[in-house]
Amino acid sequence: QVQLVESGGGLVQTGGSLRLSCAASGRTFSVYNVGWLRQAPGKEREFVAAISWNTVSTYYADSVKGRFTVSRDNAQKMVYLDMDSLKPEDTAVYYCAANRDTAQNMGFTSTSTWGQGTQVTVSA
């Protein structure tokens, strides 16, 4: 099992950048696919990006392609989400999640391991 803790959220202006970090603990972190999902007030949680356990595959929501980049460092047990050209519609609580099934969107469910979330607010 792994435990996940997100950090790096904050308040940024439109067009700005942020780097979110997801720190993992547990001996088997390197076999987990890790994703970033977000939930805005009054909206369903949505998939943002994910990276496979071996870094071979990455996936992005259409709304963030070309602006966000997901990466990981298995030696440091870290996963990152670099967010550029931020928009007000990116405002949400961002969660990292881990599973051993797939890095695709459908792999991140209630049975995945989740962090507590970090707030990102983009001002207009």
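The values are calculated or read from the model by the stated rules, or taken from the named source; none is laboratory data. No experiment lies behind these values; they were computed from the predicted model shown. Neighbour counts run over all protein chains shown; Cβ positions are idealised from the backbone, glycine included. Only protein heavy atoms, including side chains, enter the accessible area calculation; ligands, DNA and RNA are left aside. Shrake-Rupley method; radii C 1.70, N 1.55, O 1.52, S 1.80 Å.
Of the listed requirements (1) modelled with pLDDT of 95 or more; (2) of a type in the set (A, V, I, L, M, F, W, C); (3) under 13 Å from the mean Cα position of the chain (by Cα), PHE108 misses just one: (1).
Between GLN116, GLN76, GLN104, which is open to solvent by 50 Å² or more (accessible area, probe 1.4 Å) and free of Cβ contacts under 8 Å to residues at least 24 places away in the same chain?
On the way: GLN116 fails: free of Cβ contacts under 8 Å to residues at least 24 places away in the same chain; GLN104 fails: free of Cβ contacts under 8 Å to residues at least 24 places away in the same chain.
Criteria check complete, one pass: GLN76.
Scanning region 41-60 for residues that are open to solvent by 70 Å² or more (accessible area, probe 1.4 Å) and outside any loop (DSSP other than H, G, I, E, B) turns up GLU46, TYR59.
Working only within region 24-40, note down all residues that are in contact (Cβ under 8 Å) with a residue 12 or more places away in the chain and open to solvent by 40 Å² or more (accessible area, probe 1.4 Å).
Within region 24-40, the subset in contact (Cβ under 8 Å) with a residue 12 or more places away in the chain is 24-26, 28-40.
Passing the criteria: SER25, THR28, SER30, VAL31, GLN39.
Within region 1-43, restricting attention to residues that are touching a helix residue (DSSP H, G or I) at 6+ places or on another chain (Cβ under 9 Å) and among the polar types (S, T, N, Q), the residue that is nearest to VAL122 (Cα to Cα) is THR14.
Only residues that are open to solvent by less than 10 Å² (accessible area, probe 1.4 Å) and either farther than 23 Å from GLY42 by Cα or more than 12 Å from the chain's Cα centre (by Cα) (or both) were counted in region 79-98, giving 5.
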